[in-house]
């Protein structure tokens, strides 16, 4: 009798566990796991999206190495990643530290600097298109006002500055995101650490390099990964500004993938590009975690 | 005495500190402000009076931009799609998280369901297009609702499982002893206690859905079903030479998000930071 009651309780629990899990799991498997696997499959076939699919083994992947379009887009993506990491992370760290040390207006500054993060990249890209207009745009007007007319450019067609102009909104938009993450981490550090450093006569620079960076190292790793994966999936800015053109001069891998799939209707090759993006993102995350695991053990 | 000798150095320091912060705040905000200013000017003034207030306030720019960008319809679609996908994610991932955190923890399923955090969203674009087409829901709001729901599930489950694990066991144990079912416990104990976590994932999902462009452009062709990012793209696409109108269109698209941000600042920032610090 008692045993049977425990059995029914156990059974009810099992039924409840599945009943709560299944709806979410089903949607997730159908729309995330399934497509992911299907994407790997598509990368080994030739397919225009409607007709029959032919198995081509690794041909699409081999084409990655010979396609000049892919190679250009690949390097553009790498450049974007490098520039984002080099500018966003240090700037965000300094800003977070300054926010932490300030006593007034902390929320005000945090909100203003974070503001661009919440706006759609499509809107941001569109906004920069307006700024870059050679006659009416803000950028050339500012250069004129500052007496730097010699620096004026056709920002979105001059090949010397094109890629930089397309990368700028990505760098500008997400500094605030990294800043609030660093800032949130800083707030968990006991104030006394900084006070005693100050007592010992440490300068602001010393505190920053000797205390802030080591203490936040764990979080800096996270923002680094975020910055790299964020760059790998950047799409909206170049798409709205130049559609990756002229040619593929301002394409990232995502833009090329989109063009190959939905303009050229070559789903196989596009899926190989997708797979390359996924593999790069995963490899970076995993390898980076491995390399830096040593330091993070103590947490 | 000591105080006196230190204070000048401190004030120089804090002056520098606030100076740098103000500079970056300006760099983050001024571009939007310039768009707002220019949205009330004509071309001539955008150029000749780039930094000042408009001399002739062209409010009609907004009416024109509203009509050209079809913003009435776009707002409605964005609102429907973003709210329903947020509801969907909140309900399904809260239920899944409850199952995984409180009823019966299963590590393998938890890992599977949070795997999506690592997958760049564009990786699923082509197969999703094929899937949506074969399900016959191409060109429907439903397709966007389900896709946004699914792509935001991983992070939501991750955040909610973390949150629900923190709720004390004692509450539900006493409820179980009194004969409450698992369903009852979910709806009357766990769900109400998870409100802060739900607010975080809700804000995050809503914002993601509101801003999403690439899935929308692939899955929606019907102009009547366009969301705001598609409206912005079509504004850009029509060859336009009137900058005041373009700025007005942009302002219509971004000002509501800014207002929402001002209202829900804490949730948004917390959600974004939590979304980042995920692994």
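Remarks
- Chain B - mean residue ellipticity at 222 nm from DSSP helices (-39,500 (n - 2.57) per run, n ≥ 4, rounded to 500): -23000 deg cm²/dmol
- Between residue A:103 and residue A:59, the FRET efficiency estimated from the beta carbon spacing at R0 = 45 angstrom works out to 0.10.
- Between residue B:241 and residue B:56, the FRET efficiency estimated from the beta carbon spacing at R0 = 22 angstrom works out to 0.75.
- Segment A:82-138: C-alpha gyration tensor shape, a/c 1.5 cut-off, then a/b vs b/c: prolate
- In this rough spin-label picture, where each label sits 7 Å from Cα along the Cβ direction, the residue B:27-residue B:87 distance is 4.3 nm.
- Distance from the alpha carbon centroid of segment A:207-254 to that of segment B:35-50 works out to 32 angstrom.
- Calculated on the alpha-carbon coordinates, the convex hull of segment B:94-182 measures out at 121 cubic angstrom per residue.
- Two-site label geometry, residue B:266 and residue B:67: point separation in nm, points 7 Å out along Cα→Cβ: 4.5
- Residue B:177-residue A:8 FRET efficiency (beta carbon distance; Förster radius 22 Å; 0.05 resolution): 0.90
- Across A:196, A:68, A:250, mean-square fluctuation computed from a Gaussian network of chain A (C-alpha pairs under 10 Å connected) peaks at A:196.
- Globularity ratio of segment B:167-279, using Cα Rg and 2.2 N^0.38 Å: 1.60
- Working from label points 7 Å from Cα in the Cα-to-Cβ sense, the residue A:157 to residue A:249 distance is 1.0 nm.
- Over 26 Å [Cα-Cα, segment B:1-129], rounded percent: 64
- C-alpha center-to-center spacing [segment B:153-222, segment A:132-193] in angstrom: 36
- Gyration tensor over alpha-carbon atoms, the protein assembly as shown, equivalent ellipsoid semi-axes in Å: 39, 34, 25
- By the compact-protein rule of thumb, 2.2 N^0.38 Å, the alpha-carbon radius of gyration of chain B corresponds to a ratio of 1.29.
- Extension gain from residue B:16 to residue B:80, taking 0.36 nm per residue of separation minus the Cα-Cα distance: 18.4 nm
- Extension gain from residue A:206 to residue A:134, taking 0.36 nm per residue of separation minus the Cα-Cα distance: 21.5 nm
- Gain on full stretching of the segment that runs from residue B:184 to residue B:135 - 0.36 nm per residue minus C-alpha separation: 14.2 nm
- For the residues B:63, B:253, B:101, a GNM of chain B with alpha-carbon springs under 10 Å puts the largest fluctuation on B:63.
- Cα convex hull of chain A - mean projected area over all directions, nm²: 25.6
- Largest GNM mean-square fluctuation among A:202, A:19, A:276, using chain A with Cα springs under 10 Å: A:19.
- Distance histogram for segment B:71-230 (every C-alpha pair counted, 10 angstrom bins, percent rounded to whole numbers): 11, 36, 29, 17, 7, 1
No lab work stands behind these numbers, since they all come straight from the coordinates. These numbers come from a predicted model, not from an experiment. Positions of Cβ are generated from backbone atoms using ideal geometry, with glycine treated the same way; all protein chains shown enter the neighbour counts.
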